[in-house]
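Here the structure comes first, spelled out in structure tokens, and everything after it is commentary.
Laboratory data are not the source of any read-out in this text; all were calculated from the coordinates shown. Keep in mind the model is a prediction, meaning the values are calculated, not measured. When we count neighbours, we look across all protein chains shown, and the Cβ atoms used for this are built from the backbone with ideal geometry, even at glycine.
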Amino acid sequence: MAETLLSNLVPQDETGRRAEMAPSGKAGTRVYLETYGCQMNIADSQLVNAVLRRAGYGSADKPQEADVILINTCAIREHAEERVIGRLSDLARLKHARPEVKLGLLGCMAQHNRASLIAKAPWLDLVAGPDTYRRLPELIGRSGFDPAVDVRLDRSETYAGLSPDYEAGVRAYITIMRGCDKFCAFCVVPYVRGRERSIPPDDIVREAEMVAARGFKEVVLLGQTVNAYRAGEIDFAALLRKVAAVEGIERVRFTSPHPSDMTEAAIEVMASEAKVQPYLHLPVQSGSDRVLAAMERGYTVGEYLDLVERLRLAIPGLALSTDVIVGFHGETEDDFQATLELMRMVRYDSAFSFKYSVREHTRAHRLGDSLTEEEKGRRLAELITLQEAISLERNRQLIGATFPVLVEGPARRGDGRMAGKTPQFKTVTFPGEDTITAGMTRPICIDSATGHSLSGTISSL
Ligand code: 5AD
Ligand code: SF4
């Protein structure tokens with residue numbers, strides 16, 4: 001998963017219900033916020049930015065310039081936690097030089113193992129879980145000799161009505177539900193993010209209207225199991241239609257759906273609603289029925305493949321990506337081969353693959369690891385090699401085709417090229433022109449491809 005750093009608290013318009021919150025931060029107190037983990041954490045950091053800005057805090061671009069340093073953390077795998085612990089000891093040196101600096105840890109790690117965390121990093125001033133961000137100004141103010149700790153999970157906290165400080169760009173991520181009720185045996189999310197709760201549809205539509213008015217062209221609806229969304233009569237399919245109806249929003253996406261919640265109605269909306277883009281990240285985790293059952297995923301390989309077939313029939317040109325875990329407890333070589341076989345059958349456009357990491361509190365924790373790190377590493381490498389070949393083949397098949405590309409800005413490599421995304425969420429670069437700016441959609445004819453991106457030229461069509 002991508003790691004992203006956020007540091008700007010850019011003042012922006014807002015429509016949130018909580019706008020009445022009185023400034024309480026010391027004028028001139030500057031906060032530096034660093035974010036690890038998934039898109040949900042990035043969105044949460046934008047909420048934190050909004051809460052702190054409204055409370056009167058300023059922003060710092062570097063930890064060296066900050067009075068308060070916050071790290072929004074991920075607990076999904078041990079590796080993610082180790083990186084944060086490493087980062088915390090770097091920051092401890094900074095705090096040693098300037099003891100008045102407050103250092104806080106937010107997010108999933110704060111929730112996961114706060115006791116051992118405080119033991120490992122006793123210089124922390126505050127520890128705040130994902131449901132406590134409205135109280136952050138108070139927590140920052142309160143932290144003194146002992147760390148201020150608030151890790152209450154709050155079934156009712158959806159942050160509805162609190163408009164995040166979106167990062168500038170063409171795409172805004174709007175959280176529509178929080179938490180997860182699935183309790184997959186390997187996963188810590190239900191324990192660190194709590195029970196599933198959906199944000200009222202009117203708040204979501206209002207937020208989408210607001211981002212459209214601010215010039216965003218694309219909305220990505222976010223949730224841990226986004227298609228489990230339900231608020232009264234409004235299910236995920238109905239919500240998708242409502243968001244697609246918002247004027248000014250040209251593209252609608254969502255992530256991540258759970259295969260078991262992918263209803264016919266949702267497929268129908270994807271098929272019939274032109275703004276809903278033909279791309280789905282559909283985590284499979286394993287291609288073995290035995291392992292899927294042990295993971296408590298709630299579907300079989302046959303059911304998953306049937307869903308893929310229905311999706312592909314209904315949505316022409318659909319791109320698919322997935323998450324796979326190798327080396328779950330008890331995964332045999334045959335189970336692993338079944339996963340490779342599934343990858344060959346589905347032929348995903350891309351895949352995120354992970355070595356299984358035993359997580360405390362989860363149902364599979366007591367089982368431990370049944371494979372060595374080396375064996376997990378071998379399986380991971382084999383799976384990645386296979387998927388890279390498939391991704392390259394699939395992308396090469398697009399050469400000669402033309403796609404409407406939503407332009408995001410200059411390409412990373414520069415040299416006058418610009419970059420954007422196809423409806424299938426594939427990155428395309430093309431030679432820039434003075435008249436082309438971010439937010440425009442242009443037809444781009446693909447002339448070359450790697451496994452990770454496409455390049456092309458503006459089509460005269
Ligand atoms: N070990 C390895 N990967 C995991 N994931 C979730 N929990 C674990 C774990 N304990 C992966 C899953 C999930 C993605 C976000 O992270 O593939 O879909
Ligand atoms: Fe974790 Fe499973 Fe919930 Fe996804 S659906 S967040 S893998 S428990």
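Assorted remarks:
- Using C-alpha pairs under 8 Å with a sequence gap of at least 6, the mean separation divided by the residue count of the chain gives a relative contact order of 10 percent.
- Here the extension length gained between residue 202 and residue 39 equals 56.4 nm, from 0.36 nm per residue of separation less the Cα-Cα distance.
- Taking other residues whose beta carbon is less than 14 angstrom from the beta carbon of residue 306, and scoring Lys, Arg as +1 and Asp, Glu as -1, yields -2.
- Prolate/oblate/rounded call for the chain, Cα gyration tensor, a/c under 1.5 rounded: oblate
- Cross-link pairs 62/355; 182/355; 95/376; 242/426; 376/421 - those with Cα-Cα distance over 31 Å: 62/355; 95/376; 376/421
- Computed over region 165-239, the ratio Rg/Rh where both radii use C-alpha atoms and Rh is Kirkwood: 1.03
- Taking the chain as a whole, the Cys residues whose C-beta sits 4.7 Å or farther from every other Cys C-beta are 38, 74, 108, 180, 445.
- Counted charge near residue 253, where neighbours are those whose Cβ lies closer than 10 Å (Asp, Glu -1; Lys, Arg +1): +3
- Neighbours of residue 205, meaning other residues whose beta-carbon lies under 12 angstrom from its beta-carbon, give a summed charge of -2 when Lys and Arg score +1 and Asp and Glu score -1.
- Length-normalised contact order of region 281-387 in % [C-alpha pairs under 8 Å, at least 6 apart]: 31 percent
- If only the Cβ of Lys and Arg carry +1 and only the Cβ of Asp and Glu carry -1, the dipole of the chain around its Cα centre is close to 800 debye.
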